[in-house]
Amino acid sequence: MLWRPEDRLLYEYDGLSSRRVPDAVAFPRSTEDVTEIVKLARREKVPVIARGAGTGLSGGAVVTEGGIVVSFARMKKILEIDIPNQRARVQPGVVNLDLSLAVSDVGFYFVPDPSSQKACTIGGNVAENSGGPHTLAYGVTTNHVLGLEVVLDDGRVIRTGGKVWDRPGYDLTGFIVGSEGTLGLVTEITVRLTPKPEAVKTLLAIYERVLDATRTVAAITAGGITPAALEMMDGITLRAIEAATHAGYPLDSAAVLLIEVEGLREAVEEEVEAVEGICRRHAAREVRRARSEEERELLWRGRKNAFGALGRISPNFYVQDGVIPRTRLPAMLEYIAAVGEKHGLLIGNIFHAGDGNLHPLLMFDARDSKQTAKVLVAASEIMARCADLGGSITGEHGVGIEKNELMPLIFSPDDLAMMRRLKEVFNPAGFFNPGKVLPTGKMCGELRIQVGGGA
Amino acid sequence: MIAAVETIQAELAAIVGDSAMSAGPDACRPFAVDGVEPRLVVYPSSAEQVAALLRCASERDLAVVPVRNGTKLGVGNAPRRYDLALSLKSLNRIWHYEPADLTVVVEPGMKLGDFQHFLARDGLWLPLDPRGGARASLGGILAANAAGPLRGRFGGPRDMVLGMKIATGDGKIIKTGGRVVKNVAGYDMAKLLIGSWGTLGVIVEVCFKLFTRPAARRTFVFHLGGLEAARDLRRQILKSPLGPLRMALVDGNAAEIVEGAGTKFETRNSKIETRSSNFELRGSNFEFWLEAGGSQNVLARFARELEELARGASVQMDKRDDATLVWDRIADFVTLVTENSKEAIVLRVPLPLDSSEEFLRMALDETQIRAFVSQPGSGVVTLVLSGEASGGNWPTSAASSVAKLRDLAEKLGGTMAVEHCPAEWKPLIDVWGRPGNDVEIMRQVKAVWDTKGVLSPGRFVGGI
């Protein structure tokens with residue numbers, strides 16, 4: 001437990017912002033510890049907020065009304081690795097990348113790969129249903145989680161799902177994944193392990209016009225190719241990354257696509273040819289291929305360190321997370337540029353383009369309250385456009401306290417009422433992670449945006 | 001409130017129109033579930049009509065079973081009560097088809113075969129080969145979370161749904177998810193509906209993520225002498241980087257059925273006993289089917305490596321350029337068996353990947369096992385039992401066999417559900433098996449969706 005104010009202060013923040021300092025921070029070592037904490041919190045009527053590594057970008061681990069933060073930092077055991085059945089059982093505090101490293105020697109990995117994977121925990125991934133660049137071909141966290149152990153509000157411990165695909169009954173596992181800590185505390189996770197592909201090829205396609213890059217994305221999808229990853233970065237972002245990481249990105253281009261194709265050697269060779277052809281037909285100035293694992297890692301290091309690099313060119317930035325149908329990318333980018341111009345804001349763009357998952361980066365100086373207000377207006381305009389195009393207000397960062405008031409953009413009062421009633425089944429007193437996911441009716445104008453990390 | 005049939009009929013007719021409703025034994029019999037017939041059949045033609053019907057059902061306390069083609073109606077328990085069959089056959093339209101985005105919004109009454117045919121024009125497909133095959137409706141596939149051998153490679157329905165609209169038991173239309181491939185806004189309520197067997201709500205619209213069809217396909221058939229050989233082959237293939245589209249292991253009887261060479265179950269009234277004197281399953285011939293997909297270069301690689309595997313194991317292997325029909329019959333094995341043999345019991349046993357052969361080895365000691373199809377890519381085994389060895393006590397001995405096989409499956413970390421058995425034996429046989437300690441939550445979830453308990457009452461696990 002941590003009680004001293006200076007210790008508790010550290011647990012005020014996550015990757016998005018902060019609200020309040022928790023009243024206490026607990027570090028359980030076992031499911032039994034978690035059960036005791038929950039029973040105590042229930043008796044004392046104080047909120048319980050689950051926390052992994054605090055890398056989340058929607059305020060999921062932020063304390064809204066005080067209460068106990070349950071940090072899973074000491075529940076980080078890999079309980080079982082079962083290669084013949086392609087499964088692993090882990091505690092929620094296991095770091096995402098550590099699981100992949102633990103099974104790497106035998107040729108397996110855990111698919112979801114958020115940019116924060118060196119720090120973020122699998123428990124956090126489960127809460128947020130995290131994605132990452134490589135989920136385009138293989139799906140997000142929910143497609144790789146088969147079973148959970150969950151402590152409910154009265155201290156009951158339930159097990160949902162398991163190592164096999166089907167258990168009789170409703171898919172509670174699938175419902176709990178992505179519920180952002182509002183239904184219970186997950187204390188154990190059964191995941192799928194995936195064999196590593198035989199061949200991987202990475203391309204960097206360089207463009208003079210953003211439009212040509214976005215059209216390439218649509219053409220690759222329409223061409224029947226599903227790359228393992230298909231990322232886009234615009235000129236503003238590129239230059240910031242290059243200054244920080246020296247990944248070899250061209251400084252004078254308008255946009256690049258980072259494309260990775262994996263699978264059987266024969267298939268990869270053919271797809272790389274096809275992808276390169278599509279890029280060139282859409283006016284790519286140059287298409288580079290990574291010739292070695294070092295070159296490949298360098299290209300990815302630039303992408304994965306993008307958010308950190310942006311800190312060099314702007315005191316603060318706000319990373320958004322919208323989704324649109326992939327074919328609307330060209331129109332959406334024009335719209336984002338227009339929003340930036342209207343409000344006089346610099347907006348960089350870094351997308352999981354293959355999924356239609358946008359991360360516009362709105363740059364500002366938090367010391368300037370007028371600019372901060374403009375950023376929030378611009379961000380909500382971008383979100384509204386995503387919703388209008390049939391998209392979503394979050395693709396992988398979650399709703400948290402960032403977007404709960406925006407939920408009515410895409411859900412009706414009936415939809416939200418149903419979600420609320422389902423939440424009450426698991427969390428009737430509302431003391432797990434209060435104020436998250438569902439609208440509270442209060443607009444959160446006071447959102448204090450920090451320099452973010454990101455996926 | 002129990003109202004006279006006439007009153008109810010008038011209310012329902014006001015929703016769907018007279019021509020979209022029928023009554024009487026002839027109209028109702030095809031919708032019977034385990035011999036329980038509804039009083040009325042309604043054919044709504046829109047999501048709003050479905051919602052209005054359910055609202056009326058909840059007010060009038062009418063028990064409703066949603067149905068399309070009925071390919072899986074025999075699964076689960078008989079409904080505790082059953083007033084209204086809600087046929088989804090008129091909800092079969094496609095909305096928002098975006099081939100370039102690989103997404104489509106479609107209504108639940110569309111049959112999988114028609115849907116695949118529609119998608120094939122653009123070189124797309126939904127990689128599902130569930131029980132019921134082409135005749136299975138999309139709504140039924142979702143309600144059953146039904147998936148066949150393609151699951152090992154592509155996942156199941158739960159991995160392909162991007163969003164849904166659902167009519168709840170009390171007649172509200174609820175949306176979850178959306179039309180984009182990545183979305184974490186709000187609770188993923190679609191997961192609850194997928195595999196809920198019509199007990200939570202009626203899916204009135206679904207958005208699927210689509211896939212590109214493989215450029216070409218080829219099927220390879222290994223002729224194996226035993227389960228150890230099957231296990232070794234499966235392990236080698238899963239360890240290799242090949243990644244087949246699908247795999248199936250069948251015994252000699254199942255092979256005859258799926259290859260369409262007549263069936264041991266072809267006679268009505270299940271005279272299986274008379275044809276089975278020379279039946280010997282253990283140690284007999286097994287066939288291991290594998291379908292590869294991709295470019296010619298990829299298929300050539302498969303051929304090279306699989307030939308090497310066959311040589312190494314000293315087993316015979318054939319190649320088939322077009323085995324679509326056989327794969328369709330493998331997917332629809334349960335129907336092929338049960339439509340001709342009402343006394344057969346079919347068990348579905350999902351197991352950990354590496355345990356299916358071990359389960360089969362032990363299960364085959366149960367003499368009543370007559371045929372099986374196993375999916376080595378996903379660990380799901382489908383077993384057929386019949387009463388040959390049990391004389392007049394077949395139902396009782398079947399019940400004990402089912403219990404024994406269930407124990408065995410659970411010991412290996414799996415589960416078991418009865419996919420088919422004669423309705424009158426269901427009181428003796430536990431169809432779904434023991435629910436976990438999350439069943440209480442499931443009951444509460446059911447009460448949220450279906451406040452009056454009118455949807456498929458009693459059909460699901462734990463009496464839900």
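Which of the numbered conditions does A:Ala137 fail, given that it passes all the others? Conditions: (1) out of contact with any helix residue (DSSP H, G or I) (no Cβ under 8 Å at 6 or more places or on another chain); (2) of a type outside the set (Lys, Arg); (3) touching a residue at least 60 places away in the same chain (Cβ under 8 Å); (4) within 28 Å of B:Gln444 (Cα to Cα).
Only one criterion in (1) out of contact with any helix residue (DSSP H, G or I) (no Cβ under 8 Å at 6 or more places or on another chain); (2) of a type outside the set (Lys, Arg); (3) touching a residue at least 60 places away in the same chain (Cβ under 8 Å); (4) within 28 Å of B:Gln444 (Cα to Cα) is unmet by A:Ala137, namely (4).
Can you tell me which residues in the stretch B:38-58 are of a type in the set (D, E, K, R) and at pLDDT 95 or above?
B:Glu48, B:Arg55
Go through (1) out of contact with any Pro (no Cβ under 8 Å at 6 or more places or on another chain); (2) at the interface with another protein chain (Cβ under 10 Å from one of its Cβ atoms) for B:Val180 and report which single condition fails.
For B:Val180, the exception is condition (1).
Considering only the stretch A:192-214, how many residues are more than 11 Å from chain B (Cβ to nearest Cβ) and not hydrophobic (A, V, I, L, M, F, W, C)?
Matching residues across the stretch A:192-214 total 7.
Do you know which of the residues in the stretch A:360-396 that are acidic (Asp, Glu) and within 18 Å of B:Val184 (Cα to Cα) is farthest from the other protein chains (Cβ to nearest Cβ)?
A:Asp388
Any chance you could count how many residues in the stretch A:233-246 are crowded, with 22+ Cβ neighbours inside 10 Å and of a type in the set (Gly, Ala, Ser)? Lay out the reasoning, then the answer.
Of the residues in the stretch A:233-246, the ones crowded, with 22+ Cβ neighbours inside 10 Å are A:233-234, A:237-238, A:240-241.
This time we only want the ones that are of a type in the set (Gly, Ala, Ser), so: A:240.
Final tally of qualifying residues: 1.
Going residue by residue through the stretch A:352-363, is there one that turns out to be more than 21 Å from the chain's Cα centre (by Cα), small (Gly, Ala, Ser) and either more than 17 Å from A:Arg239 (Cα to Cα) or in the same structural domain as A:Leu97 (by TED's automatic domain parsing) (or both)? Talk me through it step by step, then tell me what you get.
Residues of the stretch A:352-363 more than 21 Å from the chain's Cα centre (by Cα): none.
Checked the stretch A:352-363: no residue is more than 21 Å from the chain's Cα centre (by Cα), small (Gly, Ala, Ser) and either more than 17 Å from A:Arg239 (Cα to Cα) or in the same structural domain as A:Leu97 (by TED's automatic domain parsing) (or both).
Among the helices (runs of 4 or more DSSP H) confined wholly to the stretch B:260-339, which include 2 or more residues that are among the aliphatic types (A, V, I, L, M) and modelled with pLDDT under 85?
Correct list: empty, since no element meets the threshold.
Can you pull out the residues in the stretch A:337-363 that are free of Cβ contacts under 8 Å to residues at least 60 places away in the same chain, surrounded by 24 or more Cβ atoms within 10 Å (Cβ to Cβ) and not in a loop (DSSP other than H, G, I, E, B)?
A:Leu358, A:Pro360, A:Leu362
Would you please name the residue that is farthest from the other protein chains (Cβ to nearest Cβ), looking only at residues in the stretch A:409-432 that are farther than 16 Å from A:Val151 by Cα and touching a residue at least 24 places away in the same chain (Cβ under 8 Å)?
A:Leu409
Scan the stretch A:369-402 for residues that are over 23 Å from A:Val62 (Cβ atoms) and not in a helix (DSSP H, G or I) and jot them down.
Matches in the stretch A:369-402: A:Leu389, A:Gly390, A:Gly391.
For the stretch A:114-181, which helices (runs of 4 or more DSSP H) that fit wholly inside it have 2 or more residues that are more than 11 Å from every other protein chain (Cβ to nearest Cβ)?
Passing ranges, in order: A:122-128.
Within the stretch B:243-250, can one find any residue that is surrounded by 18 or more Cβ atoms within 10 Å (Cβ to Cβ), within 14 Å of another protein chain (Cβ to nearest Cβ), in a helix (DSSP H, G or I) and modelled with pLDDT of 95 or more?
no
Would you list the strands (runs of 3 or more DSSP E) that sit entirely within the stretch B:53-165 and hold 3 or more residues that are surrounded by 23 or more Cβ atoms within 10 Å (Cβ to Cβ) and in contact with a helix residue (DSSP H, G or I) (Cβ under 8 Å, 6 or more places away or on another chain)?
On the way: elements: B:64-67, B:84-87, B:94-98, B:103-106.
Because the criterion is at least 3 residues that are surrounded by 23 or more Cβ atoms within 10 Å (Cβ to Cβ) and in contact with a helix residue (DSSP H, G or I) (Cβ under 8 Å, 6 or more places away or on another chain), the strands (runs of 3 or more DSSP E) in the stretch B:53-165 that meet it are B:64-67, B:84-87.
The values are calculated or read from the model by the stated rules, or taken from the named source; none is laboratory data. Computed from a predicted model, the values in this text were never measured in an experiment. Backbone-built Cβ (ideal geometry, glycine too); neighbour counts: all protein chains shown.
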